[in-house]
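Colleague: The structure follows.
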Amino acid sequence: MLESAKEEELSDEEAIKRYYDCEEKFMDLIYHRYYTRLRRMFVEGGIAPEEAEDLALEVLAKVMATKQSTRARYDPAKGVRFKTWLFTIAHNLKVDVKRVRGREETFGLKGEGKGRVEGFSSSESTSLEEGVEKEELRRAFLECLRALPDERERHILSLWLASDGEITQTEIAKIVGMPVATVNRCLRRALGRVRECLKQMGFTG
């Protein structure tokens, strides 16, 4: 149990550092912050809810295991935020699961790219999630997300939403191994298709 509100307010980077320093309770803080987000990422990416729960726990177990290896540990000196590092682990696990099933996904596109995503901002994640709180809209949203024809678009949008829009397009590009321009394009198309799908289902706003 965390002993104070100040401990609850620690950054992810400080929490994992305290965990590595043998303060086990700070792994609980990371669990409470990210279990639901990780589960949501897997579900929105087309994984069954029960399996998504197991995969979310597996990601957190992998994080716990890094304590045993200095080389595997999260290292802020590498210039990557903890959140990005964590979702990279989740992304790699999702790819491995689909590869085992014989549905190997190819994310490694070559090339460089820069650019902003025009027509939306990270604040859309918040507005979408606020609407999804209503059960009917939540179900419709998931149906539209899973119906996206491009697996890359579905996965990238799932990552972005699971982070509550806090992961930048540049960070997503590093996670999935794509140029930033490709990530921007996938996000823009995915959001547009989900909006159109919801509109056709009678949801407006």
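The values are calculated or read from the model by the stated rules, or taken from the named source; none is laboratory data. These numbers were taken from a predicted model, which means no experiment stands behind them. FYI the Cβ positions are ideal-geometry reconstructions off the backbone, even for glycines, and counts take in every protein chain you see.
Colleague: Being assigned to a loop (DSSP other than H, G, I, E, B) and among the charged types (D, E, K, R) is the filter; apply it to region 163-181 and report the residue that is nearest to A56 (Cα to Cα).
Modeller: Out of the qualifying residues, it is D164.
Colleague: Might you let me know whether region 104-117 holds any residue that is part of a helix (DSSP H, G or I), out of contact with any Leu (no Cβ under 6 Å at 6 or more places or on another chain) and either surrounded by 13 or more Cβ atoms within 10 Å (Cβ to Cβ) or at pLDDT 70 or above (or both)?
Modeller: no
Colleague: Among the candidates S121, S163, single out the residue that is at pLDDT below 90, among the polar types (S, T, N, Q) and more than 20 Å from L55 (Cβ to Cβ).
Modeller: None of the other options fit; the residue is S121.
Colleague: Here is a check on your reading of the model: is D21 in contact with a Phe, Trp or Tyr (Cβ under 6 Å, 6 or more places away or on another chain) and not small (G, A, S)?
Modeller: No; evaluated as a whole, the condition is false for this residue.
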